[in-house]
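Reading through the structure tokens given below for one structure.
The values are calculated or read from the model by the stated rules, or taken from the named source; none is laboratory data. Predicted model only: the values in this text are computed from it and were never measured. Note that we place each Cβ from the backbone using ideal geometry, even for glycine, and neighbour counts take in every protein chain shown.
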Amino acid sequence: MEELKNIDHNAYEWLAKKPEDQWSKSHFSTIPKSDILLNNMCESFNSCILDARDKPIIEMFESIRNLLMNRFLLNREKVEKWKSQICPKIRDLLAKISMDAAAYSPMKSDEMHYQITRSDDHLDQHSVDLSTRTCSCRKWYLIGIPCKHVVCVIWCKKDNPEAYVHHCYLTETYRRCYALPIMPVNGPNLWPTCDLPPPLQPFYKEKIGRPTKLRRREPDEPPTSSQKNATSQKNTAAQNNKLKGAKRCNICRICGGSGHNQRTCKGNNDVHQWGATPQEDNSQQSNALPDEAPTDLRDNTLAPSNKEKLQVN
């Protein structure tokens with residue numbers, strides 16, 4: 001806590017207000033033999049019932065019941081293939097702990113008490129009590145699996161580390177958990193008719209927008225693939241919905257028509273064939289007499305009879 005106080009004083013004050021048994025392993029309860037600190041098990045179950053959650057209440061319960069009935073069956077069939085005394089995942093975890101125990105050396109006090117010291121660090125020293133199944137690091141007492149200090153003592157006694165694992169991790173315990181099957185149920189057409197009045201429909205206020213199926217993720221959690229696709233689609237839609245300026249309509253300076261300019265005007269070639277540029281034509285028109293002046297070049301039409309007048313001028 002002192003180190004945290006030097007790093008961030010606000011985090012230190014926020015954590016100091018919380019009870020120690022909710023965030024510190026030194027104050028955790030030793031009754032539940034588990035080292036799970038997250039709710040990942042709930043999230044995995046929630047992901048399995050996403051389709052069932054959208055159904056009516058009875059169909060939702062039936063979907064969950066069928067899911068659990070199949071799961072119980074698979075677990076019963078799986079446990080029959082296990083030959084070890086403890087579950088395979090616990091056995092693999094115990095093998096990793098045994099690899100770390102090689103760095104420690106035990107010192108015997110009596111048959112039940114040992115002192116464990118790290119070979120390259122004499123400050124890393126712990127005491128083990130086999131009678132109460134405790135170690136000063138509290139890990140064995142918390143999760144029920146021998147820690148690396150206890151495994152070092154078990155090797156000194158030339159005993160099997162699996163014998164010191166809590167009974168909740170035994171294969172027999174796993175078999176007993178799923179021994180009772182979920183029995184099948186008839187369809188709704190075979191259910192007995194109930195004489196009680198049907199329940200009223202619950203009050204529901206429809207919310208704006210499409211209902212969400214995924215949980216709200218924390219800011220430091222990476223987004224899922226569906227959330228990435230939704231974000232990219234939202235950005236694309238935002239770009240397509242941007243306000244655009246009004247489309248300009250070009251007006252030709254020669255014929256006065258719209259949709260083109262003086263370079264692409266079809267009458268531009270005729271003017272050059274007459275031997276004058278549009279600027280010269282405008283100057284000639286300004287000097288012409290009123291009765292002989294041709295139609296203004298800014299009008300939409302240029303009469304064929306005016307060609308001869310322009311050539312004469």
Worksheet entry | Positions within region 1-31 being basic (Lys, Arg) and either more than 26 Å from residue 166 (Cβ to Cβ) or at pLDDT 90 or above (or both), in sequence order | 5, 17, 18
Worksheet item: If we scan region 56-65, do we find a residue that is under 18 Å from residue 174 (Cα atoms) and either modelled with pLDDT under 90 or within 28 Å of the chain's Cα centre (by Cα) (or both)?
Response: no
Worksheet item: Considering region 81-101 alone, what residues qualify as being in contact (Cβ under 8 Å) with a residue 12 or more places away in the chain and in contact with a helix residue (DSSP H, G or I) (Cβ under 9 Å, 6 or more places away or on another chain)?
Response: 82, 84, 85, 86, 87, 90, 91, 94, 97, 98, 100, 101
Worksheet item: Can you tell me which residues in region 47-63 are in contact (Cβ under 8 Å) with a residue 24 or more places away in the chain and either surrounded by 14 or more Cβ atoms within 10 Å (Cβ to Cβ) or touching a Leu at 6+ places or on another chain (Cβ under 7 Å) (or both)?
Response: 62
Item to complete: Please go through region 157-214 and pick out each residue that is more than 38 Å from the chain's Cα centre (by Cα) and of a type in the set (Val, Ile, Thr).
Response: 193
Discussion item. Could you tell me how many of the residues in region 215-228 are charged (D, E, K, R), over 8 Å from the mean Cα position of the chain (by Cα) and in a loop (DSSP other than H, G, I, E, B)?
Written reply: 4
Item to complete: Could you look through region 158-179, keep only residues that are in a loop (DSSP other than H, G, I, E, B), touching a residue at least 40 places away in the same chain (Cβ under 8 Å) and not β-branched (Val, Ile, Thr), and pick out the one that is surrounded by the fewest Cβ atoms within 10 Å (Cβ to Cβ)?
Response: 179
